[in-house]
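The values are calculated or read from the model by the stated rules, or taken from the named source; none is laboratory data. Just so it is clear, the model here is predicted, and its values are computed rather than measured. Here the Cβ is made from the backbone with ideal geometry for all residues, glycine too, and neighbour counts use every protein chain on show. The accessibility values were calculated without ligands, DNA or RNA, using every heavy atom of the protein model including side chains. Shrake-Rupley method; radii C 1.70, N 1.55, O 1.52, S 1.80 Å.
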Amino acid sequence: MASNHDMKVALIGCGIMGAPIGGHILDAGFDLTVCNRTKEKADDLVAHGAHWADTPAEAAKAADVILTMVGYPSDVEDVYLSTDGLIRTARKGAWLVDLTTSSPQLARDIHDAAEVEDKHAVDIPVTGGESGAKAGTLTLMVGATAEDVAPIMPVLETFSDKVFCFGGAGCGQTAKLCNQVSLASCMVGMADAVALADQGGLDVNTVLDMIGGGMGSSRAVTELGPKVADGDWKPGFLAEHMRKDIALALAQSEDLDITLPGAENAFALYDMLCQIGGSRLGTQALALLYADEGEATAAGLDWSLLDMDDYAEEADDDSCGCGHDHEGHGHGGHDHDGCTCGHDHHDGGCGCGKHEA
Ligand code: NAP
């Protein structure tokens, strides 16, 4: 392995998180090649000295360390395991580092496939949000030991300041899902508090200030609460990605035979937000579910898209609360082929291909 700045780095996925991460890698003097599905999102990185590659395979071809920061487990699967995926096309000895929030089982599959090909694959999802990515202060959750990842720390340190190692493949993703279920309930708590303050005739910003100084605080309250008060729904973290993360956590809880009622509740709310057109808004848009219809419409939501059958079913004892039709896929409101709800929809699963094996 080349040392420090002789290391060639590739970055696949230059969205909200990937673009600032790439900026720090460039600022630290590494040779960086970037690839993104929508090329324009990498323009700034290329203007600052990154090389452009049309495909992940081309980006990876000469790289020592390949970072991926794509959206969904299905994107990760495609980038790593397809015929021209990284498992085949990266050079022998290369490090394949998935920063995406994805499935623990997929991370283990990728790790095992890479090992057979004499490559090192490790799951290292991150937390800290867009602000942490811009500041270069992300927290890393590593599915390996500190000793394992020592050779690539010079790259990882360019965009992170806290590293937690959880030992084995997939454990970084499981740790990230623990973070996400905690965050999901904090988001619901923040949205509840804002609604209660607003309807109770209190000044919302003063209430947020007050909560932020005590035990009720969270970064949902201190960072996202003020955005709600300002009517700022721009994404730092997409609502559809929160829905995906809670679904992954629910899938894992099912495997472990435990229930996560807070996460189930948050899933139902984020699923509702995504159904009515809020997928590409920031996670703070959860508060729009409590707002009057005029404000929701102005933000681009359409309550008529909600499939009320989902919620009628929730009243059934048989319902799991995920908001989906478990009896077959005769469901009108949203796309079951893309279902990531984390539940077994019938014996043998729903066939959506996104559930834990
Ligand atoms: P994002 O803005 O959607 O970025 C993902 C990028 O990956 C998009 O630009 C997408 O291209 C690109 N991409 C997807 N598949 C690709 C492929 N096959 N080849 C090349 N590029 C591909 O999302 P994000 O907010 O950066 O989040 C990325 C991941 O990190 C998600 O799993 C998310 O859950 C997680 N995460 C996000 C945050 C946050 O605060 N935003 C924090 C921690 C973790 P297009 O531009 O064409 O869509």
Placing +1 on the Cβ of each Lys and Arg and -1 on the Cβ of each Asp and Glu in segment 27-152, which of VAL126, LEU32, TRP95 has its Cα farthest towards the positive end of the resulting dipole? LEU32
Please state, rounded to one decimal and in Å, the Kirkwood hydrodynamic radius that segment 4-167 gives when every pair of distinct Cα atoms enters the mean of 1/r. 15.2 Å
Calculate, in nm to one decimal, what ALA299 and ASP192 gain on full extension: separation in residues at 0.36 nm each, minus their alpha carbon distance. 36.6 nm
Dividing the helical contributions, -39500 (n - 2.57) per DSSP H run of n ≥ 4, by the residues of the chain yields a 222 nm value, nearest 500 deg cm²/dmol, of -12000 deg cm²/dmol
When the solvent-accessible surface of protein heavy atoms is calculated with a 1.4 angstrom probe, in what order do MET190, MET272 fall, highest first? MET272, MET190
Where does each of GLU117, GLU223 land when they are ordered by accessible area, with a 1.4 Å probe and the largest first? GLU223, GLU117
Leaving out ligands, DNA and RNA but keeping every protein chain, what accessible area does CYS165 have, in Å² rounded to the nearest 10, with a 1.4 Å probe? 60 Å²
How big is the dipole moment of segment 95-169 about its Cα centre under a simple scheme where the beta carbon of each Lys and Arg is +1, that of each Asp and Glu is -1, and everything else is neutral? Debye, nearest 20, please. 320 debye
So how exposed is LEU202, as accessible area in Å² (1.4 Å probe, rounded to 10)? 100 Å²
Cα-projected label distance for ASP309 with SER182, points at 7 Å along beta-carbon direction, nm: 4.0 nm
Cα-based Rg and Dmax for the chain, in Å, come out at 20.8, 63
Specify the inter-centroid distance of segment 86-114 and segment 220-296, based on alpha-carbon positions, in whole Å. 28 Å
With a cut-off of 8 Å between alpha carbons and a minimum separation of six or more residues, what is the relative contact order of segment 24-93 in percent? 27 percent
Between ASN265 and LEU81, what is 0.36 nm times their sequence separation minus the Cα-Cα distance? Round to one decimal in nm. 62.9 nm
Could you sort out which of LYS8/LYS119; LYS92/LYS162; LYS41/LYS134; LYS92/LYS176; LYS8/LYS61 sit more than 22 Å apart by Cα distance in this structure? LYS92/LYS162; LYS92/LYS176
With +1 assigned to the C-beta of every Lys and Arg and -1 to the C-beta of every Asp and Glu, and no other charges, what is the dipole magnitude of the chain about the Cα centre in debye, to the nearest 20? 1680 debye
Quick one: accessible surface of LYS244, probe radius 1.4 Å, all protein chains present, in square angstrom to the nearest 10. 10 Å²
Could you tell me the calculated FRET efficiency between ASP203 and LYS39, based on Cβ-Cβ distance and R0 = 41 angstrom, to the nearest 0.05? 0.35
